[in-house]
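Below is one structure, written out as structure tokens; the observations come after it.
FYI, it's all coordinate maths here, none of it is from the lab. The structure presented is a predicted model; accordingly, all values stated were derived computationally and were not measured. With ideal geometry, Cβ positions are generated from the backbone for all residues, glycine too; neighbour counts draw on all protein chains shown.
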Amino acid sequence: MKKINIVITILFLNIFTISNYVYSKNSNELYKKIDLFSEVLETIKQEYVDEIDQAAVMDSAINGLLQSLDPYSAYMSPKSFNGMQTDTRGEFGGLGIEIGMESGVVKVISPIDDTPAANAGIKSGDYIVRINGQQVQGRTLTEAVELMRGPVGSEIKLTVRRKNERKALEFIIKRAIIEVKSVEAKIIGTKNKIGYLRLKSFNENSDKQLFQKISNFEKKNKLTGYILDLRNNPGGLLTQAISITDYFLDDGEIVSTKGRKISETRRFFSRKGDVINGKPLIIITNNGSASAAEIVSGALKDHKRAIILGEPTYGKGSVQSIIPLKNGGGLRLTISKYYLPSGKSISDVGVLPDILVEEIGKDFKINTENDNQLKYAVDLLKS
């Protein structure tokens, strides 16, 4: 027993020594990097051709760190943090676009319907290369947002690069108060009636608005089925995505979130009760369908409750938290990722449609003559 105890003690001491060595080595490497950063900053201060604002350089360094993690994490200066307005309440000032970063360039995730950006012709997938003549590449997402801000009624010029367009496109857009009416509904057809539901965003009242529209349809009509249009829906509140998905399911998992902390790892399930009583459901998506829109379409696809028609979704499957900082600024930091009932991650992949139908000259005016995806969905339900 003495020999065993001695061996265990020696083994423990060796592990402790190795752990301390590894920790010490990592700490030394970190301190070397900090010294290197200080040296670089001092050299820039002394030798760079123009005099620099060291505080601004430090902000850029912090932003560079966050942008190296993923396209959605960013630093907000005190001015930016205090001026931040959320669109989850359904009203905010701006152009009406959801943007993200891709390879250091600002990319349009989705223009919101009936907003200045959408009416001017901005499309999902556009790359914004200049804002009022100022180069965007190399700037952070927060800096790009700052450049787009301005008084309501003032104009802004966006220079855009678009796939399959050789020349850059320029748009003059007038800033406005954006009022998002998240649900649009209509009965399509007279003989085989179809309930058309267009969900434009997931703000705090979207589920109630959608439920009211469905209730009215169910009371007054004998419907063949429903179309849920999630095209150019940039997402919004996770709670709304769960609530709306639950409307169409009787049971089963809707979505799970997984993060480093136990508190950020959760699973959400549906309750009994399908508000459309099992009627056929088709969901239309495109590359502008992101985040919460991907949760709804992905979960209903996994449960084989809906047919997904259209194009692959954007692939934004992560949760960001706004964390206040001591200087009055804040961090927008990714803290967890979404996973569908199948266990698949939405991040970077998105939700693939069951039936691929590419957009041709869409205008989203509930007109099957001008909207080939909607026409396909209507014909499919009628058959």
For the chain, longest principal axis from Cα atoms; helix 238-247 axis from its Cα atoms; angle between them, nearest 10 degrees, is 30
Using alpha carbon centers only, segment 247-306 is separated from segment 139-177 by a whole-angstrom value of 33
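With 10 angstrom as the radius, rank Met76, Met101 by how many other C-beta atoms surround their C-beta, starting from the fewest.
On the way: Met76 25, Met101 18.
In order of increasing Cβ crowding within 10 Å: Met101, Met76.
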Per the C-alpha gyration tensor (a ≥ b ≥ c, the square roots of its eigenvalues), the chain is rounded if a/c is under 1.5, else prolate if a/b beats b/c, else oblate; here it's oblate
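Quick one: Cα convex hull volume of segment 92-204, Å³ per residue? Don't skip to the answer; put the middle values down first.
Numbers: hull volume 15.6 nm³, N = 113.
Cα convex hull per residue, to the nearest whole number: 138 Å³.
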Note to self: C-alpha centroids of segment 329-383 and segment 24-44 sit apart, in Å, by 46
Proximal lysine pairs in segment 91-179, meaning Cα under 13 Å and 8 or more positions apart or interchain, come to 4
Surrounding charge for Thr334, neighbours by C-beta under 14 angstrom, Lys/Arg +1, Asp/Glu -1, total +3
Expected max-MSF residue from Gly64, Gly133, Gly94 in the GNM of the chain (alpha carbon, under 10 Å) is Gly133
If each K or R counts +1 and each D or E counts -1, the residues other than His303 whose Cβ falls under 12 Å of its Cβ total -3
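Rounded to the nearest angstrom and ordered from largest down, what semi-axes does the equivalent ellipsoid of segment 26-181 get from its C-alpha gyration tensor (root of 5λ)?
Details: eigenvalues 223, 62, 48 Å².
In descending order, the three semi-axes are 33, 18, 15 Å.
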Ranked from fewest to most other Cβ atoms within 10 Å of their own Cβ, Ile44, Ile156, Ile283, Ile194 fall in the order Ile44, Ile156, Ile194, Ile283
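Tell me, which longest segment in the chain has none of the GluC sites (Glu not before Pro) that fall in DSSP loops with at most 15 further Cβ atoms within 10 Å? The partial results should precede the final answer.
Numbers: sites that count: Glu51, Glu165, Glu204, Glu358, Glu369.
Maximal segment without exposed cleavage sites: 205-357.
Before rounding to the nearest 500, sum -39500 (n - 2.57) across all DSSP H runs of length at least 4 in the chain and divide by the residue total; then give [θ] at 222 nm in deg cm²/dmol. Mind dumping the intermediate values first?
Numbers: 9 runs with 125 residues, N = 383.
-10500 deg cm²/dmol, from helical runs alone.
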Counting only residues 5 or more apart in sequence or on a different chain, those whose built amide H sits under 5 Å from that of Glu98 are Ile109, Ser110, Ile112
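Looking at segment 263-317, which trypsin sites (Lys or Arg not before Pro) are DSSP coil and have at most 16 other C-beta atoms within 10 Å of their C-beta?
Values: sites: Arg266, Arg267, Arg271, Lys272, Lys301, Lys304, Arg305, Lys316; in loops: Arg271, Lys272, Lys304, Arg305, Lys316.
Sites meeting the loop and neighbour criteria: Arg271, Lys272, Lys304.
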Most exposed first, judged by fewest Cβ atoms within 10 angstrom, Ser80, Ser103 run Ser103, Ser80
Per DSSP, the loop-located trypsin sites (Lys or Arg not before Pro) within segment 197-259 having at most 12 other beta carbons within 10 Å are Lys222
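What net charge is computed for the residues neighbouring Pro71, neighbours being all others with C-beta under 12 Å from the C-beta of Pro71, Lys and Arg scored +1, Asp and Glu -1? Mind showing how you got there, number by number?
Values: positive: Lys107, Lys316, Arg332; negative: Asp70, Glu102, Asp348.
Charge balance near Pro71 sits at 0.
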